[in-house]
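Working notes, structure below.
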Amino acid sequence: MASLLFLPHATRTPTPRAATPRPRTAGTITCGPRDKRGPLQRGRSLSTEAIHAVQSLKRLTAADRSPSAARVAASASLGRLLRADLLAAMAELQRQGHWALALAALHVARAEPWYRPDPALYATFVSSAPPSDPAAGAAVDALVDAFLEEKARGAAAPAEGPWEGEDVYKLTRLVRALVAKGRARAAWRVYEAAVRTGGLEVDECMYRVMAKGMRRLGLEAEAAEVEADFADWEARVLPPARGVLDEMRAREASGTGNDKATAAASNL
């Protein structure tokens with residue numbers, strides 16, 4: 001009789017249990033990126049080269065942040081950056097409150113072959129100027145002088161003026177920023193060079209910003225001159241527009257009268 005020890009034992013196969021789904025809470029990450037890219041951010045993120053350049057500039061100027069030392073350090077740290085990285089580093093320095101270092105970065109950008117005087121760029125510098133710094137006002141005035149000097153020698157062709165093709169919206173941003181910072185004389189120099197001397201054709205917004213700003217900052221004579229320029233602009237630009245508007249209103253009135261006559265005839 002065979003021993004029961006040598007008989008094969010039947011093994012039970014475990015029944016697979018259904019996986020219980022875990023409750024998904026708000027903020028739970030269910031799937032991550034499959035490459036080495038970082039998370040997406042709003043706005044333009046700094047490149048690695050720009051981050052290293054900003055850190056190097058701040059480290060080199062930790063002990064001495066005088067304008068001369070900042071320019072030397074900025075030239076060494078930011079001089080090899082591409083255009084987009086240099087502009088991004090400049091904006092990041094302004095965001096962090098290192099306005100003097102951002103000015104040094106602007107000095108580096110001026111030496112680049114791609115640089116063109118952009119009123120929007122200068123408007124950001126004026127808007128981000130520290131209000132409590134007594135030297136910031138003089139620095140803003142120096143920025144305006146540099147901008148006007150760059151525009152004076154930056155004409156595309158001898159036959160064209162330096163303000164030919166200028167973006168009026170960007171220039172209005174610069175003037176508005178100067179008025180908001182209380183730099184009335186600087187705003188007037190920009191307006192006089194671009195509009196009164198340069199012959200730039202601006203819109204109603206520029207005239208209103210300048211007139212209100214000059215009067216609020218105590219320059220009554222300049223405000224009167226701006227209002228006179230605005231009156232001349234209205235006399236030159238608005239009459240054709242008024243003629244078109246009157247013609248459109250006449251057509252609308254005649255169309256309304258014809259509709260009323262048609263409705264009355266249909267009721268009969």
Residues within region 56-84 that are buried (at least 20 other Cβ atoms within 10 Å of the Cβ) and more than 21 Å from S132 (Cβ to Cβ), tallied: 6
Selection from region 107-127 of residues that are under 16 Å from A70 (Cβ atoms) and either surrounded by fewer than 18 Cβ atoms within 10 Å (Cβ to Cβ) or of a type in the set (S, T, Y) (or both): H107, R110, A111
A104 in contact (Cβ under 8 Å) with a residue 24 or more places away in the chain and buried (at least 21 other Cβ atoms within 10 Å of the Cβ): yes
Matching residues, region 232-253, being modelled with pLDDT of 75 or more and closer than 26 Å to V195 by Cα: D232, W233, E234, A235, R236, V237
Count of residues meeting criterion [at pLDDT below 95 and either among the aliphatic types (A, V, I, L, M) or within 14 Å of D229 (Cα to Cα) (or both)] in region 166-178: 1
Test: residue in region 61-83 that is among the β-branched types (V, I, T), assigned to a loop (DSSP other than H, G, I, E, B) and out of contact with any Lys or Arg (no Cβ under 7 Å at 6 or more places or on another chain): yes
Identity of the residue in region 166-195, under 19 Å from the mean Cα position of the chain (by Cα) and of a type outside the set (A, V, I, L, M, F, W, C), that ends up surrounded by the fewest Cβ atoms within 10 Å (Cβ to Cβ): D167
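The values are calculated or read from the model by the stated rules, or taken from the named source; none is laboratory data. Everything numeric here is computed off the predicted structure, so don't read it as measured data. Backbone-built Cβ (ideal geometry, glycine too); neighbour counts: all protein chains shown.
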